[in-house]
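Inspection log for the structure reproduced underneath, given as structure tokens.
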Amino acid sequence: MSTRILVGGGYRYIPAVSQYSAGVAAEAGSRIERACFSRVVPLREGFERIEQHLKSIGRPNLAFCACELRSPAPFTEAGFREFNEIYTGTLKRWGIIGEANPVARSNVCPELDPPPEPGFFAFSYTVPDTGATPSFVVAGSAEAPEGKGDYRDHAIARGDVSPEGIRTKARWVIGEMENRMRTLGFDWRAATATQVYTVHDIHPFLGDELVRRGAMRAGVTWHFNRPPIVGLEYEMDCRGVAIEHVLAA
């Protein structure tokens, strides 16, 4: 893996697939901030709110570098492709997507009280700061490699939801988080938040796989959510961001 710089955005990114990048990091002279909505905001309204927020702080749309989405239920592979066409359409209109999509993303599905339609839970963006501590956001990854066609067909420990199966999936995903952080120039010591998305019990491997590898230096937030595609069971993302906001929805 390698990185590219989004000119005018204030960040570099790891090219991945058409719908998102594998992660982003602020360039020198910039920092990443995160804003979380007080409730999930539907996709179209969310893009409008994000544009308004960026304008209010004097930032261009190009500063939008990462987002966390919530969907009603896991998609089929075809449904996921259709959703991504809608999502990336706005990024193209904003002039963000050129030769690649630089925006990191997580998209997961709450098992309880899901939103009625896909929407934004949180988003991240760059702001100028010449003295900033380096900051980053690693995109969500479930237990399947990117860019190999259908995710389900390439899932790690496919169909195995036993405790050992979930451990195997988690071990692979943690490794992917570490690979992406390494590419951006970071490791777990720089992470301020680690998020896990699964409906399966993580306690059997919490100490061995998360704590001992350093993924819980700042604790862990466990969302009782499923990954966005039918057949996937475990997802994570992580970030190193010093300033976070909550926006009234």
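Odds and ends about this structure:
- Estimated vicinal HN-Hα couplings, Hz - the stretch 226-237 in sequence order (Karplus 6.51, -1.76, 1.60; Gly, Pro = x): 9, x, x, 10, 3, x, 9, 10, 8, 9, 9, 8
- Taking V137, V103, V17 as the candidate residues, the one with maximal mean-square fluctuation in a Gaussian network model of the chain, Cα springs under 10 Å, is V17.
- Across the stretch 81-137, counting alpha-carbon atoms alone, Rg and Dmax equal 14.8, 42 Å.
- For the stretch 1-73, alpha-carbon Rg and Dmax in angstrom: 13.3, 39
- Here the stretch 143-215 and the stretch 220-249 have alpha carbon centers that stand 13 Å from each other.
- Candidates L232, L210, L184: whichever shows maximal mean-square fluctuation once the chain is modelled as a Gaussian network with Cα springs under 10 Å: L210
- Most mobile listed residue (L112, L62, L43) in the chain, GNM with C-alpha springs under 10 Å: L112
- Reachable lysines, given that their alpha-carbon falls under 25 Å from the alpha-carbon of K55 and they are not under 8 places away in the same chain: K92
- Estimated dipole of the chain in Debye, rounded to 20 [Cβ of Lys and Arg +1, of Asp and Glu -1, Cα centre]: 640
- The HN-Hα couplings worked out from phi for the stretch 161-175 by the Karplus form 6.51 cos²θ - 1.76 cosθ + 1.60 (θ = phi - 60°) are 10, 5, x, 6, x, 5, 4, 4, 4, 4, 4, 5, 5, 4, x Hz, whole numbers, x standing for Gly and Pro.
- Net charge of Cβ neighbours under 14 Å - reference A155; Lys, Arg +1; Asp, Glu -1: -3
- Per residue, the convex hull volume that the Cα atoms of the chain enclose (Å³): 113
- Amide H contacts of T194: T221, each under 5 Å away and 5 or more positions distant or on a separate chain (H built 1.01 Å from N in the peptide plane; Pro and chain starts excluded).
- Contact order relative to length of the chain, as percent, for alpha carbon pairs under 8 angstrom and 6 or more apart: 29
- Computed helical MRE - 222 nm, the chain, DSSP H runs ≥ 4 contributing -39500 (n - 2.57), nearest 500: -7000 deg cm²/dmol
- The stretch 126-249 - share of DSSP beta bridges that are antiparallel (%, nearest 5): 70
- Here the stretch 1-132 is treated as an ellipsoid with the same Cα gyration tensor; its semi-axes, largest first and in whole Å, are 24, 17, 13.
- Net charge dipole size for the stretch 1-131 [Lys, Arg +1 and Asp, Glu -1 on Cβ; Debye, nearest 20]: 340
- One decimal place: the segment S56-R158 gains 32.1 nm when fully extended, by the rule 0.36 nm per residue minus the C-alpha distance.
- Here K169 is the anchor, and the lysines within straight C-alpha reach of less than 20 Å, apart from those fewer than 8 places off in the same chain, are K148.
- For the stretch 153-195, the pair-distance distribution built from all alpha carbon pairs, in bins 10 Å wide starting at 0, is 26, 42, 26, 6 percent.
- Of the beta bridges in the stretch 1-157, as assigned by DSSP with both residues counted there, near 80 percent are antiparallel.
- Relative counts (whole %) of C-alpha pair distances in the stretch 108-173, using bins that are 10 Å wide: 15, 30, 34, 17, 5
Read-outs throughout are calculated quantities, based only on the coordinates presented, and are distinct from any laboratory measurement. Note that this is a predicted model, so its numbers are computed, not measured. Note that each Cβ is placed from the backbone with ideal geometry, even for glycine, and that neighbours are counted across all protein chains shown.
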